[in-house]
1. Among (1) open to solvent by 30 Å² or more (accessible area, probe 1.4 Å); (2) at pLDDT 80 or above, where does residue 59 come up short?
2. Looking only at segment 213-239, filter to residues that are crowded, with 17+ Cβ neighbours inside 10 Å and in a helix (DSSP H, G or I); which one of those is nearest to the chain's Cα centre (by Cα)?
3. From the list 197, 152, exactly one residue is open to solvent by less than 50 Å² (accessible area, probe 1.4 Å), touching a residue at least 60 places away in the same chain (Cβ under 8 Å) and among the charged types (D, E, K, R). Which is it?
4. Determine the pairs where a residue that is among the aromatic types (Phe, Trp, Tyr), located within segment 46-74, has a partner that is outside any loop (DSSP other than H, G, I, E, B) and crowded, with 24+ Cβ neighbours inside 10 Å with Cβ atoms under 8 Å apart, the partner being 6 or more residues away or on another chain.
5. Evaluate the following for residue 279: is it open to solvent by 40 Å² or more (accessible area, probe 1.4 Å) and in contact with a strand residue (DSSP E or B) (Cβ under 6 Å, 6 or more places away or on another chain)?
6. Sort out which residues of segment 250-274 are part of a loop (DSSP other than H, G, I, E, B) and touching a Gly at 6+ places or on another chain (Cβ under 8 Å), and write them in order of number.
7. Could you list, in sequence order, the residues of segment 305-327 that are at pLDDT below 95, on the phi < 0 side of the Ramachandran plot and either charged (D, E, K, R) or open to solvent by 70 Å² or more (accessible area, probe 1.4 Å) (or both)?
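The values are calculated or read from the model by the stated rules, or taken from the named source; none is laboratory data. In this text the structure is predicted, and so the values were computed from the model without any measurement. Here the Cβ positions follow ideal geometry from the backbone for every residue, glycine too, while neighbour counts run over all protein chains shown. Heavy atoms of the whole protein, side chains included, go into the accessibility calculation; ligands, DNA and RNA do not. Shrake-Rupley method; radii C 1.70, N 1.55, O 1.52, S 1.80 Å.
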Amino acid sequence: MRLDAPFWWYRKPGALASVLAPLGHLYGTLARAKATLIEPYRSRLPVICIGNFTTGGGGKTPTAIAIAELLKGHGERPVFLTRGYGGKSEGPLLVEKGKTAEEVGDEPLLLAKHAPTTVSADRAEGAKLIERRDTTGADASVSNASVIIMDDGFQNPQLVKDFSLIVADSGLGLGNGLVMPAGPLRTPLDEQMPHADALLLIGEGDKAAPLVKAFEAQGKPVLKARMATWADSRWLGVLPVIGFAGIANPKNFYSTLTVHGARLVATRSFPDHHRYTERQAARLLKHAREENAMLVTTEKDWVRLPEDDGTALSELKFRSRPLPIAIEFADAAALKELLMTALKKRRAS
């Protein structure tokens, strides 16, 4: 389980950030040293990476799904490759029907609804598994893959990326601009920028302005997107709503609920990839009864809850409803052009 990002990461650097800054420098140094010891594997398939400069969420998984759908619309056959945070399996393995969030993580279950998905802590081994299945035709759902979409792993040195799209929350940006644990950056910005090909800003706000400036200064594209829903959301207005979520930035989810007509009477937030307890489930159910309200959560949270097994957790799953979140690109044609150009360049080489 990963903990919530400290609130002070997204404020001007204070005393605590200053104290931790040397540790951030050490963290960055160790990350660089580790990367130099690894010879990255180049897959025979093009690799598109959806990543962040910072730790935590930011919309990578829904962006990966939206890109897969975009590419499928133009004749490509994508396969997802992901770490599977929150799952017990290190992989590499294919996410098949019947797999649970406890085994493979929550995000792979969502990805697998849209394209074949492989979970692997070792991204190179995951790519090799995709290639083997593609070559042998061992699984018709995976055979003839034309492109790998890697959900997260931008900083992972094990696999060569042919196009890296950096996803950022417009309302958060880079926070205080420092490296963990002093701030949210995974490694120093000037070391990450050369490996990024384009920036996708999600939502409203101006906190990402320095990041936009950095991309524009290097002549790299900056695209925009917003959170939307996959389906009709008029049901959100039927009853009062209690929203709950265990994701990196739950405020965005609650804002999306409100935008789509929900009358929020309460919210409950938990750490990203949170495993709910019986006590927490019972409290949410009790609160919903007291308020005569609907319980609404994210798809990621909903798939982590067990099916009917007689527990409060399974009752929470039965009595809550997930709101499917989608990424809607402001200029899908421009993004498609970037992606297809990257694929053509790789295939030509």
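1. (1)
2. 215
3. 152
4. Once the first residue is among the aromatic types (Phe, Trp, Tyr) and sits in segment 46-74, its partners that are outside any loop (DSSP other than H, G, I, E, B) and crowded, with 24+ Cβ neighbours inside 10 Å give 53/166; 53/168; 53/185.
5. On the way: open to solvent by 40 Å² or more (accessible area, probe 1.4 Å): yes; in contact with a strand residue (DSSP E or B) (Cβ under 6 Å, 6 or more places away or on another chain): no.
Answer is no for this residue.
6. 261, 262, 270, 271, 272, 273, 274
7. Result: 307, 308, 309.
Here's the yes/no breakdown for (1) hydrophobic (A, V, I, L, M, F, W, C); (2) touching a Gly at 6+ places or on another chain (Cβ under 9 Å); (3) open to solvent by 50 Å² or more (accessible area, probe 1.4 Å):
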| site | (1), (2), (3) |
| --- | --- |
| 70 | yes, no, no |
| 84 | no, yes, no |
| 90 | no, yes, yes |
| 106 | no, yes, no |
| 119 | yes, yes, no |
